[in-house]
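The structure appears below as structure tokens.
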């Protein structure tokens with residue numbers, strides 16, 4: 001089985017800079033989720049896609065993030081203007097169906113200085 | 001919204017011991033409960049799940065019990081090994097949503113040889 005791939009593994013940005021991370025879902029998985037895991041192990045759902053369509057996103061994502069899952073290209077999540085509070089592990093997960101088991105990538109650890 | 005609580009927050013046991021991790025949730029509309037294991041620096045690994053129409057599920061050394069009335073789950077790990085040392089996360093999905101998971105804050109298990 002292919003595994004979810006996330007790049008880069010680490011990202012260091014200054015406040016106000018853009019921060020972009022990518023995710024390649026497991027082969028054949030049309031549903032992609034993004035979560036943020038902070039240092040206190042609090043998970044926050046950010047957005048999910050089925051194929052190229054957004055299923056659901058939270059307000060923060062809508063206002064400050066740019067995300068897409070283009071056909072035949074990696075999915076991406078980009079913070080438009082990084083803040084210190086964005087420092088966290090960003091996790092991508094994929095599944096075969098919306099309500100199926102989600103398989104996670106290793107994450108992109110973002111540090112905003 | 002849905003909240004998931006885990007207890008204890010941490011456990012230290014000797015190799016070979018059994019452990020019990022408890023999880024409770026608030027929203028009676030939750031129908032699916034996957035559990036994940038996260039070792040330092042590694043991806044979240046799916047370990048076991050249960051749906052709300054089941055009471056028990058077992059796989060190898062893991063047994064997951066579900067009580068719909070009390071909104072409570074418990075994960076029992078037998079014959080622990082040092083390789084079981086990780087953070088264990090309980091999560092929940094509400095029926096009818098787009099698939100997003102709500103996670104607990106995790107239980108850190110340390111198995112001493």
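The values are calculated or read from the model by the stated rules, or taken from the named source; none is laboratory data. Computed from a predicted model, the values in this text were never measured in an experiment. Using ideal geometry, Cβ is built from the backbone for each residue, glycine included, and neighbour counts are taken over all protein chains shown.
Computed quantities for the displayed model
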item: Members of the range B:71-113 found to be over 10 Å from the mean Cα position of the chain (by Cα), within 30 Å of residue A:57 (Cβ to Cβ), part of a loop (DSSP other than H, G, I, E, B) and touching a residue at least 12 places away in the same chain (Cβ under 8 Å), listed by number; result: B:71, B:95, B:96, B:101, B:105
item: Filter result (at positive phi and in contact with a strand residue (DSSP E or B) (Cβ under 8 Å, 6 or more places away or on another chain)) within the range B:87-113; result: B:99, B:106
item: Residue match in the range A:9-20 (condition: in contact (Cβ under 8 Å) with a residue 40 or more places away in the chain and within 11 Å of the chain's Cα centre (by Cα)); result: yes
item: Residue within the range A:73-82 that is touching a strand residue (DSSP E or B) at 6+ places or on another chain (Cβ under 9 Å) and closer than 28 Å to residue B:88 by Cβ present; result: yes
item: Some residue of the range B:35-57 being assigned to a strand (DSSP E or B), modelled with pLDDT of 95 or more, more than 10 Å from the chain's Cα centre (by Cα) and more than 14 Å from chain A (Cβ to nearest Cβ); result: yes
item: Those residues of the range A:1-34 which are away from chain B (no Cβ under 14 Å) and not in a loop (DSSP other than H, G, I, E, B), in sequence order; result: A:11, A:12, A:13, A:19, A:20, A:21, A:22
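The rows are residues; the columns are (1) more than 14 Å from the chain's Cα centre (by Cα); (2) touching a residue at least 12 places away in the same chain (Cβ under 8 Å); (3) in a strand (DSSP E or B).
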{"site": "A:66", "(1), (2), (3)": "no, yes, yes"}
{"site": "A:78", "(1), (2), (3)": "no, yes, yes"}
{"site": "A:90", "(1), (2), (3)": "no, yes, yes"}
{"site": "A:94", "(1), (2), (3)": "no, yes, yes"}
{"site": "A:98", "(1), (2), (3)": "yes, yes, no"}
{"site": "A:106", "(1), (2), (3)": "no, yes, no"}
